[in-house]
Amino acid sequence: MIPENESTRVSIITLIASFSTLICCAFPAILVGVGAGATLASLVNIFPELITISQYKVQISIVTLMILIIAGFFIKRSNSLPCPTDPELKDVCLKTRKRSKVIYLISVIVFISASLFTYIVPIYI
């Protein structure tokens with residue numbers, strides 16, 4: 001049984017993981033795609049870790065996808081659990097579930113858009 005605050009934590013972890021995919025992989029592709037290669041060069045000069053992280057973009061994407069799948073399972077499972085009968089606790093339970101779903105959907109959207117800009121868009125540029 002997964003508590004409601006645990007469900008929120010799982011959602012936040014997915015959001016962080018999906019943003020890591022965005023930063024490591026999609027952001028450089030977007031900058032190059034819009035003709036801001038000099039900006040990317042400046043960023044790499046300031047943050048040379050971007051090159052090291054970008055070398056592992058496939059592994060980062062796979063781990064993020066696995067985290068999203070596991071989080072989706074936990075969020076789906078928490079939706080089937082009963083909320084308390086106390087009206088105040090029930091409202092908190094329902095709000096937490098809704099917040100977890102919203103954070104999870106944002107994470108999925110960020111991951112999909114990052115994956116598109118990392119793997120699909122460079123083929124057509």
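Filter region 26-39 down to the residues that are open to solvent by less than 70 Å² (accessible area, probe 1.4 Å), in contact (Cβ under 8 Å) with a residue 24 or more places away in the chain and either among the hydroxyl-bearing types (Ser, Thr, Tyr) or over 15 Å from Ser107 (Cβ atoms) (or both) and list them by number.
Passing the criteria: Pro28, Ala29, Ile30, Gly33.
Per-residue answers, yes or no, for (1) over 30 Å from Pro28 (Cβ atoms); (2) modelled with pLDDT of 85 or more; (3) open to solvent by less than 50 Å² (accessible area, probe 1.4 Å):
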residue	(1), (2), (3)
Leu50	no, no, yes
Ser54	no, no, yes
Ser61	no, yes, yes
Thr64	no, yes, yes
Ile67	no, yes, no
Ile70	no, yes, no
Lys76	yes, yes, no
Thr85	yes, yes, no
Glu88	yes, yes, no
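The values are calculated or read from the model by the stated rules, or taken from the named source; none is laboratory data. Since the model is a prediction, treat every value here as computed from it, not as a measurement. With ideal geometry, Cβ positions are generated from the backbone for all residues, glycine too; neighbour counts draw on all protein chains shown. Note: areas computed on protein heavy atoms with side chains; ligands, DNA, RNA excluded. Shrake-Rupley method; radii C 1.70, N 1.55, O 1.52, S 1.80 Å.
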